[in-house]
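The values are calculated or read from the model by the stated rules, or taken from the named source; none is laboratory data. Just so we're clear, the structure is a prediction, and the values are computed from it rather than from any experiment. FYI the Cβ positions are ideal-geometry reconstructions off the backbone, even for glycines, and counts take in every protein chain you see.
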Amino acid sequence: MLPPRLLLTALLVLYVVLQGGTATAQNRKPQPPPNKHSKPFPSLYERIHARMEKDPKLAEKVSTAAPELQQVMWMVGKWEVTARVFATATTPEQISKGQSEVRLAIGGRWLIVSDRYSDEGADESYLTFNRFTEKWISITLSTSGDAVTATSDRWQENRLVFLASEIVILGERVTLRQTLERRSDTEYHILNEEKLPNGKWQAVDEYTYRKQSGN
């Protein structure tokens with residue numbers, strides 16, 4: 001049993017705690033009962049369905065390819081590709097040669113660009129125009145497991161300029177600018193640039209495609 005002085009102290013502490021709890025309970029605002037009739041937040045498909053009911057033209061955008069895709073149909077065919085990684089202060093220039101094939105896929109809504117190189121390197125890119133965001137989309141997959149997604153607004157004369165912000169390539173975070181340039185019906189060029197900490201752009205590699213004869 002506690003000594004009288006300690007017992008009195010303990011009783012005082014208990015009284016203060018109980019009084020504080022009582023005051024808190026008295027000041028606490030009563031919570032309204034849950035509304036049994038409140039509607040749950042609509043799912044993704046419910047929201048899409050509601051938009052299509054409101055604007056039937058949206059259904060047409062889903063069921064047909066974007067007319068803008070005709071702007072890149074000249075790319076369909078087989079190409080010779082030369083990839084060049086620019087030299088730096090510590091690494092030499094690297095050049096790889098290979099074959100590229102561009103074809104329609106996914107219901108004729110995307111272009112697939114398949115690059116294969118003599119050094120067994122490979123890339124596969126997907127290109128389309130999104131009718132909802134009204135932007136060009138480029139997705140590039142590599143054998144290293146990286147995926148680069150970039151977007152562009154509109155053609156600027158003979159160029160599409162894509163931006164891929166804060167992506168990760170081989171574990172390194174980077175912002176890339178990719179310029180697709182149509183040089184002629186039989187040649188196009190891709191330049192990749194890295195955004196430096198000072199805001200300037202530095203070229204890192206380029207790809208030159210020349211159409212194979214008979215394609």
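Scanning region 118-171 for residues that are without any contact (Cβ under 8 Å) to a residue 12 or more places away in the chain and in contact with a strand residue (DSSP E or B) (Cβ under 7 Å, 6 or more places away or on another chain) turns up Ala147, Ser165, Glu166. Per the conditions (1) closer than 27 Å to Pro67 by Cα; (2) loosely packed, with under 14 Cβ neighbours inside 10 Å, the sole criterion not satisfied by Gly171 is (1). Considering (1) surrounded by fewer than 12 Cβ atoms within 10 Å (Cβ to Cβ); (2) modelled with pLDDT under 95; (3) of a type outside the set (Gly, Ala, Ser), the lone condition that Lys200 does not fulfil carries the number (2). From the list Trp155, Trp201, the one residue that fits, being among the hydrophobic types (A, V, I, L, M, F, W, C) and within 30 Å of Lys57 (Cβ to Cβ), is Trp155.
Can you find even one residue in region 9-25 that is modelled with pLDDT of 60 or more, outside any strand (DSSP E or B) and among the aromatic types (Phe, Trp, Tyr)? No, every residue in region 9-25 fails to be modelled with pLDDT of 60 or more, outside any strand (DSSP E or B) and among the aromatic types (Phe, Trp, Tyr). For region 86-134, residues that are more than 30 Å from Ser63 (Cα to Cα) and either touching a helix residue (DSSP H, G or I) at 6+ places or on another chain (Cβ under 8 Å) or of a type in the set (Val, Ile, Thr) (or both) total 4. For region 134-149: of the residues being under 13 Å from the mean Cα position of the chain (by Cα) and over 24 Å from Ser184 (Cβ atoms), which is surrounded by the most Cβ atoms within 10 Å (Cβ to Cβ)? Across region 134-149, the extreme among qualifying residues is Val148.
Of the residues making up region 147-165, those that are within 19 Å of Ser125 (Cα to Cα), of a type outside the set (Phe, Trp, Tyr) and part of a strand (DSSP E or B) are Ala147, Val148, Thr149, Ala150, Thr151, Ser152, Arg159, Leu160, Val161, Leu163, Ala164, Ser165.
So is Asn198 in a loop (DSSP other than H, G, I, E, B) and in contact (Cβ under 8 Å) with a residue 24 or more places away in the chain or not?
Details: in a loop (DSSP other than H, G, I, E, B): yes; in contact (Cβ under 8 Å) with a residue 24 or more places away in the chain: no.
Here the answer is no, as Asn198 does not meet what is asked.
Against the list (1) of a type in the set (Ser, Thr, Tyr); (2) over 18 Å from Arg103 (Cβ atoms); (3) surrounded by 14 or more Cβ atoms within 10 Å (Cβ to Cβ), the condition Tyr188 fails is (2). A single entry from Ala83, Ala87, Ala65 fulfils the requirement of being assigned to a loop (DSSP other than H, G, I, E, B) and surrounded by 12 or more Cβ atoms within 10 Å (Cβ to Cβ): Ala65. List the residue pairs whose Cβ atoms are under 6 Å apart, where the first residue sits in region 104-117 and is not in a strand (DSSP E or B), the second is not polar (S, T, N, Q), and the two are 6 or more positions apart or on different chains. These pairs meet every condition: Gly108/Ala65; Arg109/Ala65. Regarding Glu166, is this residue under 13 Å from the mean Cα position of the chain (by Cα), among the acidic types (Asp, Glu) and either farther than 17 Å from Val113 by Cα or crowded, with 17+ Cβ neighbours inside 10 Å (or both)? In short, yes. For region 90-113, taking the residues that are surrounded by 15 or more Cβ atoms within 10 Å (Cβ to Cβ) and among the hydroxyl-bearing types (Ser, Thr, Tyr), the one that is nearest to Arg182 (Cα to Cα) is identified as Ser100.
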